[in-house]
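Participant: Before anything else, here's the structure in question.
The values are calculated or read from the model by the stated rules, or taken from the named source; none is laboratory data. Since the structure is predicted, the reported quantities are computational estimates derived from the model, not experimental observations. We place every Cβ from the backbone using ideal geometry, glycine too, and count neighbours over all the protein chains shown. Accessible surface is based on the protein model in full, side chains and every heavy atom, while ligands, DNA and RNA are left aside. Shrake-Rupley method; radii C 1.70, N 1.55, O 1.52, S 1.80 Å.
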Amino acid sequence: MNREFIRYYEISPSVTAFSTTRHGGMSGGAYATFNINRYCGDDEAHVRENLELLGRELGIDVDNVVMPHQTHGDEVRQIGEDFLSLPPEVKTLVLEGVDALTTSVAGVCIGVSTADCIPVIIYDPEHHAAAAVHAGWRGTVKRIVQKAVMSMRLSYHSRPECLRAVIGPGISLDAFEVGDDVYDEFASAGFDMDAISSRKDKWHVDLKKCNLMQLTSMGVPDINVYVSDVCTYSDYADYFSARRLGARSGRMFTGIVLR
């Protein structure tokens, strides 16, 4: 099944995993057209209409679409049954400053917003639990994907060797040019720079590969990880790119629903 505004991943018949695109929604300008992120400056009415469209497509209530307010940190938050009954303003507080979510609650869509950063979905078919991770370069340096796997081990007794993952659309090695300061952050954090970077006029860093290496270092088999070949910077006509469109632009949403 393919709609204009959504692309699905075949992780398991027991889940619905996806990324949204720029198409098929109501937003305009740099938010055109399918943006459901209310933290980036889009018209709230358009955000709501797009969110309702997504909810209908997924067959869930829009209040069950859980989106954190990401701050490029490494906070991982567990979403349980009790979260759904919280007042809206309390939900907002719970999701503030969070860059990864985990859940084992069926019918809830957890997801993260990106526009060049790397979205990662992790699914545990043994314990029917999932995580959604926002891995920008700062979160990647802080090893947020590894922390999400550790959180799943603690909360759901997940075994890394059984996990399945998707590394979604994001900026590519060729497009992600960085200064020496960013390169030094990765090097100081102990990453294998020969494996994840290359020097052209400036340094370039492969964020997708870096997050794949984090997953495999935790014991997730690389054969269990699907890595999207979409570069959001190059394919900004179909996927949002903050480097192309500016910070005040739309965001893709990459999520997973346990069935």
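Participant: Take the residues in the stretch 20-52 that are closer than 17 Å to Asp238 by Cβ and among the hydroxyl-bearing types (Ser, Thr, Tyr); name whichever of them is farthest from the chain's Cα centre (by Cα).
Facilitator: Across the stretch 20-52, the extreme among qualifying residues is Ser27.
Participant: If we keep just the residues of the stretch 149-183 that are in contact (Cβ under 8 Å) with a residue 60 or more places away in the chain and of a type in the set (S, T, N, Q), which is surrounded by the fewest Cβ atoms within 10 Å (Cβ to Cβ)?
Facilitator: Ser155
Participant: Name every residue in the stretch 94-119 that is open to solvent by less than 10 Å² (accessible area, probe 1.4 Å) and in contact with a His (Cβ under 6 Å, 6 or more places away or on another chain), in order of residue number.
Facilitator: Hits for the stretch 94-119 are Asp99, Val112.
Participant: Please identify the pairs in which a residue from the stretch 120-144 that is more than 15 Å from Met213 (Cα to Cα) and open to solvent by less than 10 Å² (accessible area, probe 1.4 Å) has its Cβ atom under 6 Å from the Cβ atom of a residue that is among the acidic types (Asp, Glu) and not in a strand (DSSP E or B), counting only partners at least 6 apart or on another chain.
Facilitator: His134/Asp99
Participant: Arg7 fails exactly one of the following numbered conditions: (1) touching a Ser or Thr at 6+ places or on another chain (Cβ under 8 Å); (2) loosely packed, with under 14 Cβ neighbours inside 10 Å. What is the number of that condition?
Facilitator: (2)
Participant: Continuing with this model, one more query. Out of the residues in the stretch 245-254 that are in contact with a Ser or Thr (Cβ under 8 Å, 6 or more places away or on another chain) and not in a loop (DSSP other than H, G, I, E, B), which is nearest to Glu10 (Cα to Cα)?
Facilitator: Thr254
Participant: Right, another one. Could we say that Gly190 is over 30 Å from His46 (Cα atoms), in a loop (DSSP other than H, G, I, E, B) and touching a residue at least 40 places away in the same chain (Cβ under 8 Å) here? Give the steps one after another, and end with the answer.
Facilitator: On the way: over 30 Å from His46 (Cα atoms): yes; in a loop (DSSP other than H, G, I, E, B): yes; touching a residue at least 40 places away in the same chain (Cβ under 8 Å): no.
Considered against the rule, which asks whether it is over 30 Å from His46 (Cα atoms), in a loop (DSSP other than H, G, I, E, B) and touching a residue at least 40 places away in the same chain (Cβ under 8 Å), Gly190 comes out as no.
Participant: Quick check on the stretch 73-82: of everything there that is surrounded by 19 or more Cβ atoms within 10 Å (Cβ to Cβ) and either in contact with a Lys or Arg (Cβ under 8 Å, 6 or more places away or on another chain) or free of Cβ contacts under 8 Å to residues at least 12 places away in the same chain (or both), which residue is nearest to Tyr9 (Cα to Cα)?
Facilitator: Val76
Participant: Same structure again: Identify, by number, the condition in (1) touching an Asp or Glu at 6+ places or on another chain (Cβ under 7 Å); (2) touching a residue at least 40 places away in the same chain (Cβ under 8 Å); (3) more than 19 Å from Gly170 (Cα to Cα) that Met26 doesn't meet.
Facilitator: Of everything listed in (1) touching an Asp or Glu at 6+ places or on another chain (Cβ under 7 Å); (2) touching a residue at least 40 places away in the same chain (Cβ under 8 Å); (3) more than 19 Å from Gly170 (Cα to Cα), Met26 misses just condition (2).
Participant: While we're on this one: Let me spell it out: the conditions are (1) touching a Leu at 6+ places or on another chain (Cβ under 7 Å); (2) open to solvent by less than 40 Å² (accessible area, probe 1.4 Å), and Ser12 meets all of them except one. Which number is the exception?
Facilitator: (1)
Participant: Here's a check for you: in the stretch 48-72, which residue that is of a type in the set (S, T, N, Q) and open to solvent by 20 Å² or more (accessible area, probe 1.4 Å) is farthest from His23 (Cα to Cα)?
Facilitator: First, pick out the residues of the stretch 48-72 that are of a type in the set (S, T, N, Q): 50, 64, 70-71.
Next cut, open to solvent by 20 Å² or more (accessible area, probe 1.4 Å) only: 64, 70-71.
Values: Asn64: 22, Gln70: 23, Thr71: 26 Å.
Once the filter is applied, the top-ranked residue is Thr71.
Participant: Could you please find all residues in the stretch 15-39 being part of a loop (DSSP other than H, G, I, E, B) and open to solvent by less than 10 Å² (accessible area, probe 1.4 Å)? Show your work before the answer.
Facilitator: Let us first name the residues in the stretch 15-39 that are part of a loop (DSSP other than H, G, I, E, B), namely 21-28, 32-39.
Across the stretch 15-39, the qualifying residues are Thr21, Ser27, Phe34, Asn35, Ile36.
Participant: Next question. Just the residues that are in contact (Cβ under 8 Å) with a residue 12 or more places away in the chain, assigned to a helix (DSSP H, G or I) and among the hydroxyl-bearing types (Ser, Thr, Tyr), please, taken from the stretch 194-239.
Facilitator: Across the stretch 194-239, the qualifying residue is only Ser217.
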